[in-house]
Every structure is written in C-alpha cells, then in structure tokens.
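Working notes, structure below.
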Amino acid sequence: MKFLYQIFYLLILAFMFCPVGLATSPGLDLTIEMTDFPQQEIIKKKKIRFNKACAKFGTYLSNNRGLWGSGPFKKVTCKTSTSGKGAKTPWLLRVSGDSSEKVFEIFYRSKAGKDSLQARYSLQTEVGPLVLMGKENSQLIAFYLTSSLPFRSVLPPDLKPGSGQAGLKGRSVALKNMNPPSELEVFSIDRVGDLWQADSKGRLTFKEENGKTAEWVLSELKPNSGDGDVLFVAQIENNAETLQAVDRMIRNSSETFFEKFLNFGRSAYVGGRYGVPLKGQGVLKNAPLIGLFGEFRSGFLSGLRLNYDLIPKQQASDVNGSTSFNWSRLQLAYSFSKIFSGKIINSFDVTPRLGVANLNYEFAPSATSDTTAYSFKLNRAPTVGLEVGAEKATNLFRVRAWSFGSFSVGVLPLDKNHTTTSLRVGLDLYREFISFRMMKLAVLGFTAFESTKIEKKLTDEEKESDATLVRQLQLNSSFLGGGLTLTW
C-alpha cells in the first residue's frame, strides 16, 4: 500500500512540474500592464487617466465586445508596473515604448512561468499611450491584436446550429471600408507544451450587417461538441490583407497633423512604364507610350496620385500628304478606396483627376492632293475626369482593372477653341520580385486602350466660308507594355 501511495505522489508531481506534452485549455483572464509609466508621475490623476483608458481598451478585448465580435477574454485587469508584483493571469498585454514608438504585446503565461509572445503591434507616433488606449482607434488596435492570436472569440456554450440565434455579434462601424467575412471556423483548442492544438468543430456563417452591427449564426457543429469543451472562433479569411488595411487605418488616425506633415512621404510608390502600340491609325501606328506615376500612402497627402504620360513626336507620310503629332498629359488625382475581404476583388477605388494636356496635330497635303491642310493644337488645356478601378491582390501578384469613361469626360471648359472627350480602359499586373527592408521592387505589365475625340469650334468667318474645313479629330490607340515600381 505504501508503494502505491508513492506512485500516486510521483504522478501528482509529474502533473505539477512537467506540463510539456499535457493538453490544457487556456484560461481567459487578461492583465493589461503599462511598463514605461514613469514612477515619479504615478499620482492619483495619472492613475485615474490610466484606469479609464485601460478600461475602454479592455472592453474591446473582452468576450465578443470588439469589432466583428472579436475579443476572447472573460476578465480584464488593469495595472501599472509599479502597482505590485507581476500579473498572475494566464494572459498579459504589455504596453511599452518611448516618446516616438508605442508597442502592444500579448503574452501567454504557462503554469511553468514561461511567457510566450502571441501577438504584437508597434506604432511610430508621438501620441501618448493613454490617448491611444482611450481613443476610438483603440478598437482597431484591439482588433489587430486579437486577430493575431490563435483564436479571436469564444462562443456561448448553449449555442445550437440552425437555431438562427446569433453565435457571434459585434460592432462594425470602424470597419466600414471592409466587408465582414462570410465564414468563420469554430474549434476547441488546447495548449500542448509550447504549441496550440486545435480541433475543428464547425462553422459560423455570416447572417447580416445591420447599421453598426454584424452577426454570424452557427451553421454546422460536429456531434459531441460543446460537452465541456470551450469553443473558439478562428482567424478571419484573408487575415493578412485585413490586418494590413487595419494597420493603415490605425496609423492614419493616430498621427498628429504635424506628424502627417512630416511623414507625408514615409510610405509611397513611384514607377515608370513603356508601351508599344498594338493598334493605331496613321501617325499613331508606331507611336509608343511613356509614363511616370507615383502615389503618397501616408501622412496628410495619403491617396494623392501624380501621373505623366507622353507620346513623343511622330511623323508619317502617304500619297495624300504628311502628318506630325505629339502629345502629353499631366494629371493630379486623389483616390478614394474601399477595401474588401472578398474572394473576387480586394478593393474598389474612385479617383477624380485634374490636369493639363498638350497636343499638336498637323496635316500638310501633298502637291498632287486635293485635300485641305488642317491642324489641332492644345496648349496646357485643363482636363477634368473620373477614374474607377477594381483590384485583386494575392501572395503572388496584384492585378488592377481601371476605366476612365465617357461618363467622366475630359472636358476643357477654359479652352475656347476646342472640346475634348476621352475614353480609357486598361489592365495592370504587378509582381514583386525584390524586397529589401522596407522597400519593394515590382515588375509591371499592362495593356491599355484610349479613344480621344477633339472638336474644333469654328469662328464666325469660318462658318461663313465656303472652304472645306475639318472640325473633328478622332484618335484611337492601344498599347501593351511593362515597367517597374518601387514601394516603401
């Protein structure tokens, strides 16, 4: 009998001190700790500010209280690094950093006392941590962190499939530029050593988005699921793309105006392209297209685009006479985009464009021709237009279809002699092939079609003249080409 007691005692010790290989369900209590809170400033007013900001931040990390129903934690506690000993909860969110950078890290604390980093988000900003935790964009920071965890939500234990009851329900107002995921995976999860072990149990299907709320219902549940198991919700589909979009939203909303002014060029892309004609008429038959472009992606100029296109001087001759042509266009644009988490496209953008155009088209008849000489000239003529585009991004490439249509005609109201309309459509394909630190170099392939019509306004004398006059010029061309883009 004494021998059996010794065996039992050894088994207890093994369970206590050798957790590796044993499956344990994770506790769901979290402590938010601020480690760089200056000790000399720990006064009552500062503590109140921290507690208020932490309580608001903790709300979006609590069980299904965050955006799109994210938030797995049942209890959230707030403390500073000087308010006592380290956190005793299984999960720790540590807020640290300095005057220029703020860091949010979530650790899982095993029974052996080992801290394992599970999620991290850093932000280059001079905005204080209490302001970040208390502002509306704290929802986005909480969403980013929970979406980086092995699980992002916990389901009610009494949920039944097919009942129509909302299994997951959460705010969606701050994610108005993205569509909710159509499906979410449901599973049970255990901690085995330093790894998470998941067992798929079923699926949640998106039901509706009503105003500021999105809902999912349980559409499938395996037999014997939920009997003592804690059911968790997995990552959302296209998680990496969604986190990139959320990161941009956080950075744009967290910058002060001064920071936006200084950082307007911190993230941008520039590129060049060269296209050969696929189909052209007359003098455009061999006319190449040369283009330069760029876009700001940070600061107060985020979304601003600049494009310059050029067709160098071309000359052509036939039995009727000789023709010369050259053209250029400079455009300034601002893009408004909507980001999706869908399977067909990832984003849709609307881009108003303002610019100036230069064109010189001259026809001189030959000595034997009975045609009339004519010319069309635009000198810094103002242009107005609207471009729409749709984009699909994958891990291998990014493709964008765009159109500058007749509904967004390039009218020249300040040019008293001409009226110009245009139609442009195109397809761009990007493939990244070199990445160095924060810089990425990509190859570009594109095809484009453009149709431009120029109408000349006749003077009173020309209207009364009996001479044959050319009042309209139609130019059609298509291009196939490539280029390079640099992003940082």
*Accessible area per residue of segment 93-133 at 1.4 Å probe, in Å²?*
43
*Rounded to the nearest 0.05, what FRET efficiency do SER122 and LYS222 give with R0 = 25 Å and r taken as the Cβ-Cβ distance? Could you check?*
0.05
*How much accessible area per residue does segment 349-403 have, in Å², with a 1.4 Å probe?*
51
*How many nm separate the modelled label positions at SER451 and ARG380, each set 7 Å beyond the Cα in the direction of the Cβ?*
3.2
*Compute the FRET efficiency between SER148 and THR371 as 1/(1 + (r/R0)^6), taking r as their Cβ-Cβ distance and R0 = 56 Å, and round to the nearest 0.05.*
0.20
_Simple spin-label estimate for LYS114 and PHE348 in nanometres, 7 Å along Cα-Cβ_ = 4.9
*How high is the FRET efficiency from ASN320 to ALA390, r the C-beta distance, R0 45 Å, rounded to 0.05?*
0.55
_Label-point separation in nm, ASN360 to LEU429, each point 7 Å along Cα→Cβ_ = 3.8
*Once you've got the Cα coordinates, tell me which of LYS169/LYS392; LYS285/LYS453; LYS75/LYS169; LYS52/LYS102; LYS74/LYS111; LYS313/LYS457 are over 22 Å apart.*
LYS169/LYS392; LYS313/LYS457
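The values are calculated or read from the model by the stated rules, or taken from the named source; none is laboratory data. Quantities reported herein were computed from a predicted structural model and do not represent experimental measurements. Every residue, glycine among them, receives a Cβ derived from its backbone with ideal geometry; neighbour counts consider all protein chains shown. Remember, those area values only see protein heavy atoms, side chains included, never the ligands or the DNA or RNA. Shrake-Rupley method; radii C 1.70, N 1.55, O 1.52, S 1.80 Å.
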